[in-house]
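What follows is one structure encoded as structure tokens, with my remarks underneath.
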Amino acid sequence: MEVIIVKSSDEVADLASRRIKNLVEKKPKAILGLATGNTPLTLYAQLIEYHRQSLVNFSQITTFNLDEYVGLDPQHRASYCHFMKENLFGPLGLDPGQCFIPNGMANDIAAECEAYEKKIHQKGPLDLQLLGIGREGHIGFNEPGSSLGSRTRLKTLTETTRQDNASQFGSPQDVPLHVITMGVQTIMEASEILLMATGLGKAQAVASMVEGPLSASVPASVLQFHPKTRVIVDDEAASKLSRKAYYREVYAKKPPWQSADFV
Ligand code: PGA
């Protein structure tokens, strides 16, 4: 795991956006796994800016989102379908046929999960999966206790997650209880992982993920097994890491050929 510590959330977004730009420049038909939430918003704004300035052509990418609420109308402002259209797909001019999100309104949720997983396998592997992290260490909506071998399926949100996601709904009770999420194993099959975390609220989860024992109680800790994972954090989210000085030194003294990914 490579841990990159920068000063601010803007720098986290900047670095992540440069990695994605670099990837799509090299591979215009890249398959990207995308995330929702507050953390990637500035990154998406940056990608839109690259598009506006014609610095990179995103028209041939394919995207797969991590998760979606079950039973929530895709037009609802809190649905991830709506979030992605507003914050990325629309401004980039991407066609719905190239952007996949689990259908939380499907009559048969189990069949939808299986079909989503199959679609990823057909088109994939994902060249890069973008991730945030929950306060309790979830990735996607793989809540604590999720099988580390899990695939796309229905999950039940924890109280903490429903509180964290309540702002779009009014109250935690209004947040749907059920979601469809890519599984931990599905995420692990991406060729590269880019996890972003900002703010003090994420500090404990980041420390447990990077330096804690591997455990289904902190699903993000499974990324310790992933051969190409980058964790980009700001100072606050890094504040509980015990090997901070070492991570900084590794990054600062990186041989030039290893920095090429961010050009
Ligand atoms: P956030 O969510 O970006 O809104 O903090 C991250 C997550 O739950 O994975």
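Here, each number is a calculation from the coordinates, and none is a lab measurement. Please read all numbers here as calculations on a predicted model, not as lab measurements. Ideal geometry is used to build each Cβ from the backbone, glycine not excepted, and the neighbour counts take in all protein chains shown.
Using the Kirkwood formula on the Cα atoms of segment 76-186, what hydrodynamic radius do you get, in angstrom to one decimal?
About 15.1 Å, per the Kirkwood formula over Cα pairs.
Going by amide H atoms built from the backbone, whose H comes under 5 Å of the H on Ile4, apart from near neighbours?
Long-range HN contacts for Ile4: Val231, Ile232, Val233.
What is the fewest-to-most order of Glu211, Glu49 by other Cβ atoms lying within 10 Å of their Cβ?
Numbers: Glu211 15, Glu49 12.
By the 10 Å Cβ count, ascending, the order reads Glu49, Glu211.
Which one of Thr39, Ile4, Ile20 is farthest out on the positive end of the charge dipole of segment 1-47, using unit charges on Cβ (Lys, Arg +1; Asp, Glu -1) and the Cα centre as origin?
Result: Ile20, furthest along the dipole toward the positive end.
Per residue of segment 242-248, what does 6.51 cos²θ - 1.76 cosθ + 1.60 with θ = phi - 60° give for ³J(HN,Hα)? Whole Hz please, x for Gly and Pro, Karplus curve as stated.
Residue by residue, segment 242-248 yields 7, 9, 3, 4, 5, 4, 5 Hz.
In nm, give the distance between the simple-model label positions of Leu148 and Glu86, each being 7 Å from the Cα along the Cα-to-Cβ direction.
3.7 nm
Quick one: putting +1 on the C-beta of Lys and Arg, -1 on the C-beta of Asp and Glu, what dipole do you get for the chain around its Cα centre, in Debye to the nearest 20? Mind dumping the intermediate values first?
Numbers: 27 positive and 29 negative charges, 148 e Å.
Dipole of the chain, to the nearest 20 debye: 700 debye.
Report, by chain and number, residues whose modeled amide H sits under 5 Å from the one on Leu128, excluding near sequence neighbours (fewer than 5 apart, same chain).
Ile31, Gly33, Ser191, Glu192
Net charge within 14 Å of Gly145 by Cβ-Cβ distance, Lys/Arg positive one each and Asp/Glu negative one each, not counting Gly145 itself?
Net of charged neighbours comes to -1.
So what J values fall out for segment 189-204 if you push phi through Karplus, 6.51 cos²θ - 1.76 cosθ + 1.60 with θ = phi - 60°, rounded to Hz, Gly and Pro as x?
Listing the rounded values in order: 7, 5, 5, 8, 10, 10, 10, 10, 8, 9, x, 4, x, 9, 4, 5 Hz.
Does segment 1-138 classify as rounded, prolate or oblate by the C-alpha gyration tensor (a ≥ b ≥ c root eigenvalues; a/c under 1.5 gives rounded; else a/b over b/c gives prolate, otherwise oblate)? Write out the running numbers ahead of the final one.
On the way: a/c = 1.56, a/b = 1.37, b/c = 1.14.
Judged from the Cα gyration tensor, segment 1-138 comes out prolate (a/c at least 1.5, a/b above b/c).
Output wanted: per-residue J couplings in Hz (rounded whole) for segment 78-83, from phi through Karplus 6.51 cos²θ - 1.76 cosθ + 1.60, θ = phi - 60°, x for Gly and Pro.
8, 6, 6, 4, 5, 4
How about segment 137-233: which trypsin sites (Lys or Arg not before Pro) there are in a DSSP loop, with at most 14 other Cβ atoms within 10 Å of their Cβ?
Lys228
Taking the Cα-to-Cβ direction at Glu49 and at Asp108 and moving 7 Å from each Cα, how far apart do the two end points lie in nm?
That separation, rounded to one decimal, is 4.7 nm.
List the residues whose amide H sits under 5 Å from the amide H of Ile101, counting only those 5 or more places along or on another chain, with H placed 1.01 Å from N in the peptide plane.
Those lying under 5 Å, H to H, from Ile101 are Asn65.
Got the relative contact order for the chain handy, in percent, Cα pairs under 8 Å and 6 or more residues apart?
Details: 528 pairs, mean separation 68.5, N = 263.
That works out to 26 percent.
Can you compute the modelled spin-label distance between Glu25 and His76, with each label point 7 Å from Cα toward Cβ, in nm?
Taking the simple label geometry, Glu25 and His76 are separated by 4.1 nm.
For segment 116-206, give the share of DSSP beta bridges that are antiparallel, in percent and rounded to the nearest 5; count only bridges with both residues there. Let's see the in-between values first.
Values: 5 of 8 bridges.
The answer is about 60 percent antiparallel.
What FRET efficiency, computed as 1/(1 + (r/R0)^6) with R0 = 45 Å and r the Cβ-Cβ distance, is obtained for Gln60 and Glu159, rounded to the nearest 0.05?
0.60
Which value, in Å to one decimal place, does the Kirkwood hydrodynamic radius take for segment 203-263 when every pair of different Cα atoms is included?
12.8 Å
Subtracting the Cα-Cα distance from 0.36 nm times the residue separation, let me have the gained length for Arg18 to Ser215 in nm, one decimal.
67.8 nm
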